[in-house]
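Asker: The structure under discussion is supplied below as structure tokens; questions concerning it will follow.
Please treat every number below as a calculation from the coordinates, not as lab data. Owing to the predicted nature of the structure, the values given are computational and were not obtained by experimental measurement. Every residue, glycine among them, receives a Cβ derived from its backbone with ideal geometry; neighbour counts consider all protein chains shown.
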Amino acid sequence: MRISVAKVLKAPASTVCRTTLIFSYYDCLEADESWTYIRKKKNKVWLIYTCHRGSGEVVAYVWGKRDVKTARKLRRWIRRLGISYGRIARDNWDSFLSVFGEDRREAGTRRAVGIEGDDCRMRHRIRRVFRRICCFSKKLRNHWKAFETAFFYINYGFV
């Protein structure tokens with residue numbers, strides 16, 4: 001077919017998949033974190049995100065380290081988007097406890113069953129997260145684009 005490697009690697013970076021919020025108020029959000037790595041396992045990058053329990057919509061997400069700073073970044077992003085919510089379900093991670101402390105919250109993995117299912121779906125659908133395949137990207141930007149595209153398809157019902 002005579003398609004160059006550069007063209008194949010350029011394709012994910014050139015995709016434009018912008019998600020818009022379906023609602024401005026959500027009765028229950030679920031928050032969780034997932035990790036991937038770039039080049040070697042020492043370079044972990046954490047994805048911290050929230051989704052709506054009822055529709056499965058990915059509402060907000062941020063990339064960073066697994067610390068309080070990234071959890072605060074997620075909370076600021078939720079506020080900047082103008083999202084209001086009734087309660088937030090998350091696991092017992094200390095950063096979630098301190099950042100979402102004043103909100104009405106539900107703690108424990110039993111409460112965040114929906115987002116744990118989304119984690120499983122992402123692990124199976126976004127194969128570039130794992131090293132044992134041929135399409136793994138060594139560029140962080142391509143990782144971001146892969147997740148952005150997956151979230152677009154999840155939010156609009158294609159996945």
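Asker: Suppose the chain between Y25 and R79 were pulled fully straight at 0.36 nm per residue; how much longer would it get relative to their current alpha carbon spacing?
Answerer: Working: separation 54, 0.36 × 54 = 19.44 nm, distance 1.17 nm.
Value of the extension gain: 18.3 nm.
Asker: If you don't mind, another one. If you rank R39, R66, R90, R80 by fewest surrounding Cβ atoms within 10 Å, what's the result? List each step's numbers first, then the result.
Answerer: On the way: R39 12, R66 16, R90 27, R80 9.
The most exposed by this proxy come first: R80, R39, R66, R90.
Asker: Okay, next question. Cβ neighbours within 10 Å, averaged per peptide: list 92-100, 141-149 in order, most packed at the top. Please report the intermediate quantities before stating the final value.
Answerer: Working: 92-100: 16.4, 141-149: 18.2.
Result, highest mean first: 141-149, 92-100.
Asker: Taking 0.36 nm per intervening residue step and subtracting the Cα-Cα distance, what contour gain separates C120 from N92 on full extension? Don't jump to the answer; show the numbers that get you there.
Answerer: Numbers: separation 28, 0.36 × 28 = 10.08 nm, distance 1.91 nm.
Additional length available on full extension: 8.2 nm.
Asker: May I pose another question? Whole-Hz Karplus ³J(HN,Hα) for the range 35-52, in order, using 6.51 cos²θ - 1.76 cosθ + 1.60 and θ = phi - 60°, x for Gly and Pro?
Answerer: Along the range 35-52, the couplings run 10, 9, 9, 10, 6, 9, 5, 6, 8, 6, 10, 9, 9, 10, 9, 10, 9, 7 Hz.
Asker: Then there's this: Please give the FRET efficiency for I3 paired with L140, using the beta carbon to beta carbon distance and R0 = 30 Å, rounded to the nearest 0.05. Please report the intermediate quantities before stating the final value.
Answerer: Working: r = 24 Å, r/R0 = 0.80.
E between I3 and L140, to the nearest 0.05, is 0.80.
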